[in-house]
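Trainee: My questions all concern the structure below.
The values are calculated or read from the model by the stated rules, or taken from the named source; none is laboratory data. These numbers come from a predicted model, not from an experiment. Note: ideal-geometry Cβ built from the backbone for every residue, glycine included; neighbour counts use all protein chains shown. Heavy atoms of the whole protein, side chains included, go into the accessibility calculation; ligands, DNA and RNA do not. Shrake-Rupley method; radii C 1.70, N 1.55, O 1.52, S 1.80 Å.
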Amino acid sequence: MNVSRRWLEAFLRRPLDARDVANRLAMLGAPVDAIEPLHADLAAIRVALVEEVRPHPNADRLRVCTVNDGSAERLNVVCGAANVTAGKKYPFAPVGSTVPGRPPKKPALTLDRRKIRGEVSEGMLCSLEELGFEPQDDGIWELETDAAPGTPLLEALPLADDRLVVDVTANRPDLLGHKGIARELAASYGVPFRLPVLPGAVDIDVPPSRRIAESEGAGQSGTVTGGVRVSIEDTEGCARFHAAVIRDVRVAPSPGWLVQRLEAAGVRSINNIVDATNYVMLEFAQPMHAYDMARLHGPAVIARRGRRGEKVVTLDGVERAVTEEMTVIADERGAIGIGGVMGGSGTEVHEGTTDVFLECAWFEPGRIRRTRSALGLSTDASYRFERGVDLWNAAEPFRRCIELVLTLAGGTNVDAPADLWPRVTHPPRIFLRLPRVAQVLGVELPLHTVEKHLVAIGATVVSKPDDGRIAVDVPGWRPDLVAEIDLIEEVARREGYDEFPSDLRRFRTGNVPDAPIVAASERVRDRLIAEGLLEAMTLPMVPVSGEGIRLLNPVSEEHGMLRHRLLPGLVRQVELNWSRRVRDVRLFEIGAVFAPGSAGELPQETPRIAAVVSGSRAPEHWTGAAPDFDQWDLKAIFESAVEVAAPGGTIEPDGEGWVVRGPDGRAIGSAGSLAADAPPWAGTVFGFELELHAGPRPPVRFVPRPPTPSSERDVTLLVPDGIAAGALAQVLSGGGVTVLESVRIVNAYRGDRVPDGTRSVTFRLTFRAADRTLEAAEIDSAEAHLLLLLERETGVRRREQ
Amino acid sequence: MNPTGYAQLDELLARLAGIASLDESALEAEHTAILGRKAGALTEASKQIPTLPPEERRGFGAAVNQVKAAFEQAFTARRAELAEESRRRALAGVDLTMPARHRWIGSAHPVTTVIDEITEIFRGLGFVVAVGPEVETEWYNFHALNFPANHPAMDMHDTLYVDATPVPGDRGGRQLLRTHTSPVQIRELLTHEPPVRAIIPGMSYRNDPFDPSHAPAFHQIEGLAVDEGISFVDLKATLVHFARRFFGETTRTRFRPSYFPFTEPSAEMDVECQLCHGSGCPACKGTGWMEILGCGMVHPAVLANCDVDAERYTGFAFGMGPARITMLRYGVTDIRYMYEGDMRFLGSLR
Ligand SMILES: [Zn+2]
């Protein structure tokens, strides 16, 4: 909502500081996103009196003027406008000043003293357009002002203003008009507020509206006003309809004050009739519409549901198909506008219009929301109707609109306006308990304070029954107030949130443990960070491909599906790094993947961990480059992750990589090299992905480490192909030698020095007894036993030297 | 050392003083000549001891040992001296401005770091960490949270719907990507009796195309406290405490009225601008404040939807965007950096 500071000043009858207003509104729940000073660029422009106009000696279309700019000297100004007249006042831009113009059509211009066709010109008499306003004719801007020559233009005319861009929440339709904002501010400043006086308003006598209730039995309501038959057939979509006819109007441009006010609120001036309806909307948050009566067939105006196949060309020139779900305004021939959204171009007020029909209606918010959404057409009117306009106080803005039309365009209101209101209702009455106020707000507020705040928002405190409740009639412009808690919020808001204490009081802690997945994620994250990897985040929405869970309305095709794996997202991030010539990439991600659930059930979401590494194993160093990551680096990181993410998981070779199986034998993750769109200088990408087990961490126990010395024996075996070194290590470890502490593989060789189809593998056996230093003979016999066992179980023997 | 009286030994002693000036190879040669295990002069002398008459053995043996000790000391001292000299020589040739040998260092995502810090602060206030599904039903995401159907409040929640059969039943409806972490509030209240005190980090989704300040998926962190006697004062106290712990003990805060369907009274908490500290700058649009989180007292209708007695229990809830807070903290200008995985970005904010 664009709010004019000047308009608010007219409500409050006092000058306002835009920054202070913004601050107060923020603290009342309507933050100001921006303050835009309007026409501050006209500070140097002055009112000047043209005292004499002479023809230019060297140019037919130019004049030379003697200009009184308030100084002692008279200035010579060359002017090309045909309308320049001696004795009139115009805006004057002195030498050195800049006029803003209306770029790009009319660029800004800085004035210097120069000769125009031989005549010296000391400044410029300006047109509307040169000063940044909408042009109305070709001439310079004739000022109607009593201000003395030399007065700054911004002082002589109400041009300088601030536009406050107010962020109005969806529950406060009353703040979509200046009156609502003024009401809040008036209470904040502790001053009264009244409707601004309309400049030039004459004493106008508008008869009170005739209330038309439900026509007998029909569930409808209808009458005739000013010769137009008006009726509501769709009472569900349109609960109330004010109508008036004004004859013999003169459609013309609006006066300056009105143009300025609309402009400050961000609305372009059209003509005096349309501007009058917009003005009232911006003042009361009540949309209005004016029809050219001559174009109404019947003449009749009917609020009814749309009919199948019916079409309306709206004011924006677009032909729109209406449906039975929409409320339309129709005449005898058919729909002429979409109720509460946009009028039709067929009945638009134009220059030749003489009689106008004015509408001020209440449309059902949900209906308007569905309609504008179906039409893809959001307007100032629909925006307000779908948030809820004041059903009960519509007479006031309607009367304002009639007065404004009569003031601006003349004409006569030939008949009492009609007020069609088939089913009269009242705003809700809410009961408020003071103890409940204290329970929710944590502070006991006295009754008179609560009452004061409720009165400030326009509510009526009806009675104070003995049972501790007070009855509150809420104002019609606050459709958001429907329950006790809504009033408690109003009390807190008016009291000021910052007025409440903020010292910690006693509390009870939560009575359940953390979700197990939280600790599991933290453990695996810490582990991979320790492995030197950086945590990444990818979007869970991925490009559409293959089976999976699709989105009905994706942001784009690139984000059309929910991921069922993490790795592709990480590989894309590797490629992004490559595209920026970053070769060394080490990333991991923890996140959910999605698999379709059964029909009518939510998808399965499984937490997973994935990682990728590519490029150099260590940062470059001048003593020699580190080799690239290889599969053994991957295996290490993978084992490390499995240890914390899937305790008890077993890793097995699988093709060219590895698979990890859970205790139940199910594959829960895999590791290997990955395909990627790699530039020639890139390294291989290795990665893994693994389900993240959310169960409790297996207990970790202390194991005493004996202080006795160990002995090592290296045993080099000749291993035929097809026998896994891991299996040999298992035979050795499981060989029943209690003093065998560990078995490690420290070397492997394949080549000329061993027979084809074999390799040599060196195992380092570490022996240790907890209670004594082992004798060489004991180790010799243990080693011999193990070699014998190995040969018996696998056929593998020591490599002969 | 004084002469021993044995000519054989005193002859050797004459060489003792010279050791201090020997170079490395001469030192080792002299060591071999005097103390060598096989043919060292003193070794030879020791071998003579058993061959001497018993009455001479003792005196000579003691003299040999004394001389041996003196030589050992001299050799050790000279070796240490030479080692020190050689270390100095080696250092003199090295350019110590050459770069060190580093290892790769890992790091958590900056958003994770912020989430962890926030979570820790609330853990200290008795909150436990809860999580919930990212695909939800309309009931959990909207209806249970008191969103009026077909209401402009929905405009803030441009929803991504999942192509799946709607979930039947009272708590079902169309399947969607949750637009906030607030449905976890509902799940917590439905499964636990008060006191409920939960902090809820997680992904949220909106149908917003990527731009510098929006992402179609982003993190949220939500908090919920429901118990007897919880009031607006507790809400303020908890969040003011949080702001001071997170942004610094002197950080000023302010609470402004706002609107969320699931809380009432609703508020937004601002903290003083971290860049200008309140004097006003372009980052805070000159206000001196930065909007950090939305909060409010849990709406009685929400409690009722979760079968919690809204007359007996009250509560507060709040939600904030850790990605946004991360951006404020580090001055990140575009949210997309968070989700593209550039090693240079991720490694720079640890
Ligand atoms: Zn600032």
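Trainee: From (1) free of Cβ contacts under 8 Å to residues at least 24 places away in the same chain; (2) over 30 Å from residue A:168 (Cα atoms), pick out the condition that doesn't hold for residue A:298.
Mentor: Every condition holds for residue A:298 apart from (1).
Trainee: Considering every residue within region A:612-624, establish whether at least one is touching a Gly at 6+ places or on another chain (Cβ under 8 Å), farther than 30 Å from residue B:98 by Cβ and facing another protein chain (nearest Cβ under 10 Å). Write out each step before concluding.
Mentor: First pass over region A:612-624, keeping only residues touching a Gly at 6+ places or on another chain (Cβ under 8 Å): A:612-616.
Retained after the next criterion (residues that are farther than 30 Å from residue B:98 by Cβ): A:612.
Okay, now just the ones that are also facing another protein chain (nearest Cβ under 10 Å), so A:612.
So far as region A:612-624 goes, yes, one or more of its residues are touching a Gly at 6+ places or on another chain (Cβ under 8 Å), farther than 30 Å from residue B:98 by Cβ and facing another protein chain (nearest Cβ under 10 Å).
Trainee: Hey, another quick one. Mind checking which residues of region B:266-282 are within 11 Å of chain A (Cβ to nearest Cβ) and among the hydrophobic types (A, V, I, L, M, F, W, C)?
Mentor: Correct list: B:267, B:269.
Trainee: Now a separate question. I'd like to check something: does region B:317-332 contain any residue that is surrounded by fewer than 17 Cβ atoms within 10 Å (Cβ to Cβ), away from the ligand (no atom under 16 Å from the Cβ) and closer than 15 Å to residue B:196 by Cβ?
Mentor: No - not one qualifying residue is present in region B:317-332.
Trainee: Which condition breaks for residue A:93 when tested against (1) closer than 30 Å to residue A:34 by Cβ; (2) modelled with pLDDT of 90 or more; (3) surrounded by 13 or more Cβ atoms within 10 Å (Cβ to Cβ); (4) in contact with a Ser or Thr (Cβ under 7 Å, 6 or more places away or on another chain)?
Mentor: The one condition residue A:93 does not meet is (4).
Trainee: Is there any pair linking a residue in region B:267-282 that is near the ligand (Cβ under 6 Å from one of its atoms) to one that is open to solvent by 30 Å² or more (accessible area, probe 1.4 Å) and in a strand (DSSP E or B), with Cβ under 8 Å and at least six apart or on different chains, and which?
Mentor: B:273/B:289
Trainee: Here is a further query. Can you name the residue in region B:28-51 that is more than 15 Å from residue B:9 (Cα to Cα) and not in a helix (DSSP H, G or I) and is also modelled with the highest pLDDT among such residues? If you could, list the steps in order and put the result at the bottom.
Mentor: Restricting attention to region B:28-51, the residues satisfying the condition of being more than 15 Å from residue B:9 (Cα to Cα) are B:28-32, B:36-39, B:50-51.
Now restrict to residues that are not in a helix (DSSP H, G or I): B:36-39.
Numbers: B:36: 86, B:37: 82, B:38: 82, B:39: 81.
Filtering region B:28-51 for residues that are more than 15 Å from residue B:9 (Cα to Cα) and not in a helix (DSSP H, G or I), the one modelled with the highest pLDDT comes out as B:36.
Trainee: Residue check: is residue A:493 facing chain B (nearest Cβ under 8 Å), in a loop (DSSP other than H, G, I, E, B) and touching a Pro at 6+ places or on another chain (Cβ under 7 Å)?
Mentor: Values: facing chain B (nearest Cβ under 8 Å): yes; in a loop (DSSP other than H, G, I, E, B): no; touching a Pro at 6+ places or on another chain (Cβ under 7 Å): yes.
Here the answer is no, as residue A:493 does not meet what is asked.
Conditions (1) more than 9 Å from chain A (Cβ to nearest Cβ); (2) more than 16 Å from the ligand (Cβ to nearest atom); (3) out of contact with any Leu (no Cβ under 6 Å at 6 or more places or on another chain), marked per residue:
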| residue | (1), (2), (3) |
| --- | --- |
| B:211 | yes, yes, yes |
| B:244 | yes, yes, yes |
| B:284 | yes, no, yes |
| B:291 | no, no, yes |
| B:300 | no, yes, yes |
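Trainee: Can you confirm whether residue A:241 is closer than 20 Å to residue A:390 by Cα, over 30 Å from the mean Cα position of the chain (by Cα) and open to solvent by 50 Å² or more (accessible area, probe 1.4 Å)? Walk me through it before giving the result.
Mentor: Values: closer than 20 Å to residue A:390 by Cα: yes; over 30 Å from the mean Cα position of the chain (by Cα): yes; open to solvent by 50 Å² or more (accessible area, probe 1.4 Å): no.
Considered against the rule, which asks whether it is closer than 20 Å to residue A:390 by Cα, over 30 Å from the mean Cα position of the chain (by Cα) and open to solvent by 50 Å² or more (accessible area, probe 1.4 Å), residue A:241 comes out as no.
Trainee: Looking for whichever is open to solvent by less than 30 Å² (accessible area, probe 1.4 Å) and more than 8 Å from chain B (Cβ to nearest Cβ) here; the options are A:551, A:539, A:567. Which one fits?
Mentor: Working: A:551 fails: more than 8 Å from chain B (Cβ to nearest Cβ); A:539 fails: more than 8 Å from chain B (Cβ to nearest Cβ).
Among A:551, A:539, A:567, only A:567 is open to solvent by less than 30 Å² (accessible area, probe 1.4 Å) and more than 8 Å from chain B (Cβ to nearest Cβ).
Trainee: Taking region B:137-192 as the search range and keeping residues that are without any contact (Cβ under 8 Å) to a residue 40 or more places away in the chain and part of a helix (DSSP H, G or I), which one is most open to solvent (accessible area, probe 1.4 Å)?
Mentor: Result: B:156.
Trainee: Of all the residues that make up region B:229-244, how many are in a loop (DSSP other than H, G, I, E, B) and under 24 Å from the mean Cα position of the chain (by Cα)? Lay out the reasoning, then the answer.
Mentor: So in region B:229-244, the residues in a loop (DSSP other than H, G, I, E, B) come out as B:229-231.
Filter again for under 24 Å from the mean Cα position of the chain (by Cα), leaving none.
The qualifying residues number 0.
Trainee: Same structure, new question: Filtering region A:575-587 down to residues that are within 8 Å of another protein chain (Cβ to nearest Cβ) and surrounded by 19 or more Cβ atoms within 10 Å (Cβ to Cβ), which residue is farthest from the chain's Cα centre (by Cα)?
Mentor: Filtering region A:575-587 down to residues within 8 Å of another protein chain (Cβ to nearest Cβ) leaves A:576-577, A:580, A:582, A:584-587.
Pick out the ones that are also surrounded by 19 or more Cβ atoms within 10 Å (Cβ to Cβ) and you get A:577, A:584-587.
On the way: A:577: 30, A:584: 37, A:585: 34, A:586: 34, A:587: 31 Å.
Restricting to residues being within 8 Å of another protein chain (Cβ to nearest Cβ) and surrounded by 19 or more Cβ atoms within 10 Å (Cβ to Cβ), the top hit is A:584.
Trainee: Which of the strands (runs of 3 or more DSSP E) contained wholly in region A:277-392 include at least 2 residues that are in contact with a strand residue (DSSP E or B) (Cβ under 8 Å, 6 or more places away or on another chain), away from every other protein chain (no Cβ under 14 Å) and under 27 Å from residue A:198 (Cα atoms)?
Mentor: Working: elements: A:289-292, A:300-305, A:311-313, A:319-321, A:327-330, A:335-338, A:356-363.
Ranges flagged: A:289-292, A:356-363.
Trainee: For residue B:101, indicate whether it is basic (Lys, Arg) and assigned to a loop (DSSP other than H, G, I, E, B).
Mentor: On the way: basic (Lys, Arg): yes; assigned to a loop (DSSP other than H, G, I, E, B): yes.
The answer is yes for residue B:101.
Trainee: For residues that are charged (D, E, K, R) and either within 37 Å of the chain's Cα centre (by Cα) or buried (at least 23 other Cβ atoms within 10 Å of the Cβ) (or both), tally how many sit in region A:332-354. Break it down into steps so the answer makes sense when it comes.
Mentor: First pass over region A:332-354, keeping only residues charged (D, E, K, R): A:332-333, A:348, A:351.
So of that shortlist, the ones also either within 37 Å of the chain's Cα centre (by Cα) or buried (at least 23 other Cβ atoms within 10 Å of the Cβ) (or both) come out as A:348.
Looking only at that region, the number is 1.
Trainee: Between B:249, B:222, which is of a type in the set (D, E, K, R), outside any helix (DSSP H, G or I), in the same structural domain as residue B:329 (by TED's automatic domain parsing) and in contact with a Ser or Thr (Cβ under 6 Å, 6 or more places away or on another chain)? Talk me through it step by step, then tell me what you get.
Mentor: On the way: B:249 fails: in contact with a Ser or Thr (Cβ under 6 Å, 6 or more places away or on another chain).
Within the list B:249, B:222, the selection yields B:222.
Trainee: Do we find that residue A:263 is under 27 Å from residue A:427 (Cβ atoms), modelled with pLDDT under 95 and open to solvent by 30 Å² or more (accessible area, probe 1.4 Å) in this structure?
Mentor: On the way: under 27 Å from residue A:427 (Cβ atoms): no; modelled with pLDDT under 95: yes; open to solvent by 30 Å² or more (accessible area, probe 1.4 Å): yes.
Criteria not met by residue A:263.
Trainee: Further question: Determine which member of the set A:24, A:13, A:46 is closer than 29 Å to residue A:176 by Cβ, surrounded by 15 or more Cβ atoms within 10 Å (Cβ to Cβ) and of a type in the set (D, E, K, R).
Mentor: Numbers: A:13 fails: surrounded by 15 or more Cβ atoms within 10 Å (Cβ to Cβ); A:46 fails: closer than 29 Å to residue A:176 by Cβ.
Going through A:24, A:13, A:46 in turn, just one is closer than 29 Å to residue A:176 by Cβ, surrounded by 15 or more Cβ atoms within 10 Å (Cβ to Cβ) and of a type in the set (D, E, K, R): A:24.
Trainee: Just checking, does region A:713-728 include any residue being part of a loop (DSSP other than H, G, I, E, B), of a type in the set (Lys, Arg), surrounded by 12 or more Cβ atoms within 10 Å (Cβ to Cβ) and over 60 Å from the mean Cα position of the chain (by Cα)? Working first, answer last.
Mentor: Narrowing region A:713-728 to residues part of a loop (DSSP other than H, G, I, E, B): A:721-724.
Okay, now just the ones that are also of a type in the set (Lys, Arg), so none.
There is no residue in region A:713-728 that is part of a loop (DSSP other than H, G, I, E, B), of a type in the set (Lys, Arg), surrounded by 12 or more Cβ atoms within 10 Å (Cβ to Cβ) and over 60 Å from the mean Cα position of the chain (by Cα).
Trainee: For region A:729-778, give me the residue count where each residue is more than 20 Å from residue A:793 (Cα to Cα) and under 60 Å from the mean Cα position of the chain (by Cα).
Mentor: Of all residues in region A:729-778, those more than 20 Å from residue A:793 (Cα to Cα) come to A:739, A:741, A:746-756, A:766-778.
Adding the requirement that they be under 60 Å from the mean Cα position of the chain (by Cα) leaves none.
Residues that pass the stated criteria total 0.
Trainee: Can you name the residue in region A:451-482 that is more than 35 Å from the chain's Cα centre (by Cα) and in a loop (DSSP other than H, G, I, E, B) and, of all such residues, is surrounded by the fewest Cβ atoms within 10 Å (Cβ to Cβ)?
Mentor: The selected residue is A:466.
Trainee: Please give the number of the condition residue A:465 fails out of (1) at pLDDT below 95; (2) in contact with a helix residue (DSSP H, G or I) (Cβ under 8 Å, 6 or more places away or on another chain); (3) more than 9 Å from chain B (Cβ to nearest Cβ).
Mentor: Evaluating residue A:465 over (1) at pLDDT below 95; (2) in contact with a helix residue (DSSP H, G or I) (Cβ under 8 Å, 6 or more places away or on another chain); (3) more than 9 Å from chain B (Cβ to nearest Cβ) leaves (2) as the failure.
Trainee: Residue B:261 passes all but one of (1) under 25 Å from residue A:493 (Cβ atoms); (2) within 16 Å of the ligand (Cβ to nearest atom); which number fails?
Mentor: Among (1) under 25 Å from residue A:493 (Cβ atoms); (2) within 16 Å of the ligand (Cβ to nearest atom), the lone unmet condition for residue B:261 is (2).
Trainee: Determine which member of the set B:181, B:250, B:191, B:238 is more than 8 Å from chain A (Cβ to nearest Cβ), among the polar types (S, T, N, Q) and farther than 30 Å from residue B:160 by Cα. Outline the logic, then answer.
Mentor: On the way: B:181 fails: farther than 30 Å from residue B:160 by Cα; B:191 fails: farther than 30 Å from residue B:160 by Cα; B:238 fails: more than 8 Å from chain A (Cβ to nearest Cβ).
After ruling out the rest, the residue left standing is B:250.
Trainee: Among the residues of region A:669-689, write down those that are assigned to a strand (DSSP E or B) and over 19 Å from residue A:590 (Cα atoms).
Mentor: Step one: list which residues in region A:669-689 are assigned to a strand (DSSP E or B), which gives A:669-674, A:685-689.
A:673 - this is the single residue of region A:669-689 that is assigned to a strand (DSSP E or B) and over 19 Å from residue A:590 (Cα atoms).
Trainee: Quick one: how many residues across region B:265-309 are in contact with a Pro (Cβ under 9 Å, 6 or more places away or on another chain) and open to solvent by less than 20 Å² (accessible area, probe 1.4 Å)?
Mentor: So the count comes out to 7.
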